[in-house]
Amino acid sequence: QVQLVESGGGLVQPVGSLRPSCEASGSIFRFNAMAWYRQAPGKQRELVASITSGGSTKYADSGKGRFTISGDNAKNTVYLQMNSLKPEDTAVYYCNAVNDQVFWGQGTKVTVSS
């Protein structure tokens, strides 16, 4: 049974930073890729960033230059460093992992507001 547990969300002022983390129950090498998605109120869930087991990364245009996805294999954890946050980044952020199945975490809420 794969479990993904997100943490590190919270309330931050505009232009601030947060680094949500996603800890997997076991090695993240099991997955072909891991990703962060987000869902804002009234909107569809959207991809924010992804990282493959080989370390290749991709970003949505909304986060390019501001967000960085990274993995720590020793801690079975994937991070999303978010800088220069904007109110429109407010959403629930979900961790995703894919091998021959798709797994989701429960989400961590990020609120960007003054």
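The selection criterion, being under 15 Å from Ala91 (Cα atoms), touching an Asp or Glu at 6+ places or on another chain (Cβ under 8 Å) and of a type outside the set (S, T, N, Q), does not hold for Tyr79. Of the listed requirements (1) within 21 Å of Asn99 (Cα to Cα); (2) touching a residue at least 24 places away in the same chain (Cβ under 8 Å), Ala40 misses just one: (1).
Listed by first and then second residue, the pairs linking a residue in region 80-103 that is over 17 Å from Gln39 (Cα atoms) to a residue that is among the polar types (S, T, N, Q) and assigned to a loop (DSSP other than H, G, I, E, B), with Cβ atoms under 8 Å apart and 6 or more places separating them unless they lie on different chains, are Gln81/Ser17; Asn83/Ser17; Ser84/Ser17; Val98/Asn32; Asn99/Asn32.
Filtering region 25-41 for residues that are basic (Lys, Arg), modelled with pLDDT of 95 or more and open to solvent by 30 Å² or more (accessible area, probe 1.4 Å) leaves an empty set.
Residues in region 63-90 that are surrounded by 12 or more Cβ atoms within 10 Å (Cβ to Cβ) and among the acidic types (Asp, Glu): Asp72, Asp89. So how many residues does region 104-114 have that are over 14 Å from Trp36 (Cβ atoms) and open to solvent by less than 50 Å² (accessible area, probe 1.4 Å)? Adding up the residues that qualify gives 2. Looking at region 91-103, which of its residues are exposed (fewer than 15 other Cβ atoms within 10 Å of the Cβ) and not β-branched (Val, Ile, Thr)? Scanning region 91-103 gives Asn99, Asp100, Gln101.
Taking the conditions exactly as written (within 20 Å of Ser7 (Cβ to Cβ), of a type in the set (A, V, I, L, M) and surrounded by fewer than 17 Cβ atoms within 10 Å (Cβ to Cβ)), does Ala60 satisfy them or not? When the stated conditions are applied, Ala60 does not pass them. Highlighted here are the strands (runs of 3 or more DSSP E) found entirely within region 55-114 that include at least 1 residues which are within 13 Å of the chain's Cα centre (by Cα), under 20 Å from Gln13 (Cα atoms) and modelled with pLDDT of 95 or more: 67-72, 77-82, 91-98, 108-112.
The values are calculated or read from the model by the stated rules, or taken from the named source; none is laboratory data. As the structure is a prediction and not an experimental result, all values here were calculated from the model. In this analysis, Cβ positions are derived from the backbone assuming ideal geometry, glycine residues included, and neighbour counts consider all displayed protein chains. Areas reflect the complete protein model, heavy atoms only, side chains present, ligands, DNA and RNA absent. Shrake-Rupley method; radii C 1.70, N 1.55, O 1.52, S 1.80 Å.
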